[in-house]
Amino acid sequence: MKGAEILLDCFKKEKVEIIFGYPGGAVLDIFDLLYKSDIKYILTRHEQGAAHAADGYARATGKTGVCIATSGPGATNLVTGIATAYMDSVPMVAITGQVPTRMIGNDAFQEADITGITRPITKHNYLVKDVDELPHILKEAFYIANSGRPGPVLVDIPKDIQNAVTRKKYPDRVDIRSYKPTYEGHLRQIKKSAELIAKAKKPLIYAGGGVIISGGSREMTKLARKMKIPVTTTLLGLGSFPGTDPLSLGMLGMHGTKYANLAIQSADLLIAIGARFDDRVTGKISEFAPHAKIIHIDIDPTSIRKNVNVDVPVVGDVKKVLVELNKCVKAGKTESWVKKIAEWKKKYPLKYAKKGMLKPQFVVEKIWELTKGDAIIVTEVGQNQMWAAQFYNYINPRTYISSGGLGTMGYGLPAAMGAQVGCPDKLVFDIAGDGSIQMNIQELTTCVLNKLPINIIILNNGCLGMVRQWQELFYGGRYSSTVLNTKGPHGKKGITYCKDGKCHSYLPDFIKAAEAFGADGIRVTKESEVIPALKKAIKSKNTSVLEFIVKPEENVFPMVAAGASLSEMIESMA
Amino acid sequence: MKHTISVLVENKAGVLARIAGLFSARGFNIDSLAVGETQDPSISRMTIVVKGDNAVVEQVCKQLNKLIDVIKVQDFMGKDFVGRELILVKVSVDGKTRHEVLQIVEIFRAKIIDIKTKSMTIEVTGNDLKVNAIFDMLRPFGIKELSRTGRIAIARG
């Protein structure tokens, strides 16, 4: 078989359902075969869109996402998408074309050393120099991407290798002597954890994205409910524990709930599960969970003791470890702790003032009211991402999809596209801001042409809200480069919206843009229009763009300033 | 603290870059790095000498272990090991100093591997102490060129 045929054979054997990609000179042979094959592929409008779509597909389904791009600029356009997947442990295989082997290193047309460029942002990568090696490299790539702590793997295939012939077959199995992830937790460590849990009076579970990746949500929910242990999750842990459960504290950290952060600062035992003590979670590390012993369950040994010292580390697959832990754990006396937490939840709810212009939080709340957790919420990055995390209850794993680690603006729309392809029967929303939606807006075409009924919620505040918020709080209100709308009306360009004697101007006109791309566009400015507009979009089989003109000055609270202790929460603009 | 880290890796293209990348990403300067095949030609051993805070080096070692092409990582810090280095040093000599240099070479059980009217090239093998000691003795004669392998190491027993 030829190299390109080996690749397609690999896709079949790995049961790849969908490929996101963009053609070019160095992948012509692969696209020629795709044309003739029954493997489904989606042509995005930018390679970055292809990478994020593969990522969104992987997060929504747990399967490995696949994207293809040509050499040089095609490959470098994947970079942000690969780094995003790397930071959030998303299984992905990226295939890039490369200039013919004899030209590598000669500054050939559309040449880039993509294995060099992506070395620090991939779990592993390969430059294929011999077609005989291609079958086992591809097998390894798929195996590495979706085992252990998952991550992106890039395979760079020169054009001549795609055409070279080999007798080697795609292997059934792969064994890499230098790569043996630890799945089973050490039983002695698990017993020690159980002992700490039995003794604890104020235990708290701090759950991260690893719980969802390992499929351990059910086991963790069982542990929490049986042992009466409250649960707080990270941004990527949302959905690992039902947000409506009385034991749920929602998200912790910089924009976490006050009760979650209070619980962290008062707990006597912290059970960190599939989480990595990220700085957005811990705040000032020396003052994080000051009274707590820490159990840390994670499949990646490098996560353990990276940021905090732990009392009982357990290296292993979260689900497998929790199964063992559930067998031997006994409940401690947590009644008064659970009562205290219920009081905090009542006393310090998430809130926002409803007066004046439409509020972004209100829009998110209404999406919750209409869907009750039965939807996939994808977000962009910034305030929209935080409000989506705060004002929607996530009931099931893989229903909140967001770029947590890298914080990639422009992630949401293409990722929502991938999620919808992976879960065609699910209702998918992309909660966006007017800033981030413009970073990959070209993918609207892809959504419309592929009949993906995604609902894009643009919370249009006319500015880069999160950065503007920091400027308001910490930079004396100097809004340097964060105001996207222009001051005053500007005739026929863009739109103008006036409320209470104040006028705001907006460019672009997102409704016209939506229509130009073939999507439905609805603009909403009043609370009363929110539900009807959402209902209309949900019903529509077309891609819908819903633009909500919201209050420009609205901020995300509570907030813990970067580097401050979780005990120092800013609760409003005093 | 100075750490001597021994890393067994797949003998493949790109592995060195991956390993060097972990150090450079943290702004670590590698003091020395020596690579060679082991008894199994598909495996190479890298011996890396690096200065760094113990906790940071521990984290780097874990990260090294995480690289797909890395088979085993060992930090010799606090362990019983033998470390050796080989240096080639070209010293200026003339009729008057040649004899003195020869004496130093003999005392340190080093070797003369090349000799010309105005220079002498000496091969020295040993641990840091010995290598530095002979180097200090030779320095007054005028060092023309120096080439060092960097430390290689192996655990005792």
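In chain A, the calculated helix contribution to ellipticity at 222 nm averages -10500 deg cm²/dmol per residue, counting -39,500 (n - 2.57) for every DSSP H run with n ≥ 4.
Scalar couplings 3J(HN,Hα) for segment A:406-415, obtained by applying the Karplus form with A = 6.51, B = -1.76, C = 1.60 to θ = phi - 60°, are 7, x, 8, 5, x, 6, x, 4, x, 5 Hz; x denotes Gly and Pro.
Applying a 4.7 Å Cβ-Cβ cutoff to chain A leaves A:Cys10, A:Cys67, A:Cys328, A:Cys423, A:Cys447, A:Cys463 as cysteine residues with no disulfide-compatible partner. Modelled label positions at B:Phe81 and A:Arg102, each set 7 Å beyond Cα in the direction of Cβ, lie 4.5 nm from each other.
Put a plus charge on the Cβ of each Lys and Arg, a minus charge on the Cβ of each Asp and Glu, and nothing anywhere else: the dipole of segment A:1-121 about its Cα centre is then about 280 debye. Note on exposure: A:Asp278, A:Asp113 ranked by accessible area (1.4 Å probe, complete protein assembly) read A:Asp113, A:Asp278, with the most exposed listed first. Of all lysines in the structure, the ones whose alpha carbon falls short of 23 Å from that of A:Lys284, not counting any fewer than 8 places away in one chain, are A:Lys202, A:Lys258, A:Lys293, A:Lys306. Treating r as the C-beta distance of A:Lys535 and A:Leu449 and R0 as 22 Å, the FRET efficiency rounds to 0.30. Sequentially through segment A:92-101, phi angles give Karplus couplings (6.51, -1.76, 1.60; θ = phi - 60°) of 8, 10, 10, 9, 10, x, 9, 5, x, 3 Hz, Gly and Pro residues having no value and appearing as x. Computed over neighbours whose Cβ is under 10 Å from that of A:Gly405, the net charge equals 0, Lys and Arg +1, Asp and Glu -1. Ranking A:Asn542, A:Ala83, A:Val530 by how far each Cα lies toward the positive end of the dipole of the protein assembly as shown (charges on Cβ) leaves A:Val530 at the top. Mean separation of Cα pairs under 8 Å and 6 or more residues apart, divided by the residue count, gives segment B:12-130 a relative contact order of 18 percent. For the segment A:298-304, counting C-beta atoms of other chains within 10 Å of every residue's C-beta and taking the mean gives 2.
A Förster radius of 41 Å, combined with the Cβ-Cβ distance separating A:Asp374 from A:Lys191, puts the computed FRET efficiency at roughly 0.55. If you sort B:Phe23, A:Phe557 by accessible surface, 1.4 Å probe, largest first, the order is A:Phe557, B:Phe23.
In whole angstrom, segment A:3-163 maps to an equivalent ellipsoid with semi-axes of 21, 17, 15, each derived as √(5λ) from the alpha carbon gyration tensor and ordered largest first. Per-residue 3J(HN,Hα) values for segment B:87-95, derived from phi via the Karplus relation 6.51 cos²θ - 1.76 cosθ + 1.60 with θ = phi - 60°, read 10, 10, 10, 9, 10, 6, 9, 9, x Hz in sequence order (x marks Gly and Pro). Cross-linked pairs A:Lys40/A:Lys541; A:Lys63/A:Lys451; A:Lys123/B:Lys72; A:Lys327/A:Lys347: Cα-Cα separations exceed 28 Å for A:Lys327/A:Lys347. Other residues whose C-beta falls under 11 angstrom from the C-beta of A:Gly105 contribute a net charge of -2, scoring Lys and Arg +1 and Asp and Glu -1. In terms of accessible area, using a 1.4 Å probe and ignoring ligands and nucleic acids, A:Glu571, A:Glu335, A:Glu47, A:Glu472 rank largest first as A:Glu335, A:Glu571, A:Glu472, A:Glu47. Rolling a 1.4 Å probe over the protein heavy atoms gives chain A an accessible area of 40 Å² per residue. Sorting A:18-27, A:96-105 by average packing, meaning the other beta carbons within 10 Å per residue, from highest down gives A:18-27, A:96-105. Here segment A:32-100 and segment A:510-574 have alpha carbon centers that stand 29 Å from each other.
How much of the accessible area of chain A, probe 1.4 Å, is carbon plus sulfur, in whole percent? Heavy-atom surface of chain A belonging to carbon and sulfur, 1.4 Å probe: 53 percent.
Legend: calculated FRET efficiency, B:Ile43 to A:Ile285, from the Cβ-Cβ distance at R0 = 51 Å, rounded to 0.05, equals 0.85. Straight-line cross-link partners of A:Lys372 among the aspartates and glutamates, defined as a Cα under 15 Å from its Cα and at least 8 positions apart when in the same chain: A:Asp245. With a 10 Å cut-off around each Cβ of A:23-34, the average count of Cβ atoms from other chains is 0.
Counting charges near B:Lys2 (Lys, Arg +1; Asp, Glu -1) among other residues having Cβ under 15 Å from its Cβ returns a value of -3. Counting, for every residue in A:119-129, the Cβ atoms of other protein chains within 10 Å of its Cβ and taking the mean gives 3.
Quarter the surface of the alpha carbon convex hull of the protein assembly as shown and you get the mean projected area, 38.3 square nanometres. When +1 charges are put on Lys and Arg Cβ atoms and -1 charges on Asp and Glu Cβ atoms, the dipole computed for the protein assembly as shown relative to its Cα centre reaches about 1840 debye. Near A:Val524, the amide H atoms lying under 5 Å from its own belong to A:Glu547, A:Phe548, A:Ile549; only residues 5 or more places off or on other chains count, and H is placed 1.01 Å from N. The listed peptides B:47-54, A:343-350, ordered by packing as a protection proxy, come out as B:47-54, A:343-350 (highest mean of other Cβ atoms within 10 Å first).
From most to least packed by mean Cβ count within 10 Å, the peptides A:137-150, A:30-43, A:450-463 give A:450-463, A:137-150, A:30-43.
The values are calculated or read from the model by the stated rules, or taken from the named source; none is laboratory data. The structure displayed is predicted, hence computed values, not measured ones. Glycine gets a Cβ as well: all are built from the backbone with ideal geometry, and neighbour counts include every protein chain shown. Areas reflect the complete protein model, heavy atoms only, side chains present, ligands, DNA and RNA absent. Shrake-Rupley method; radii C 1.70, N 1.55, O 1.52, S 1.80 Å.
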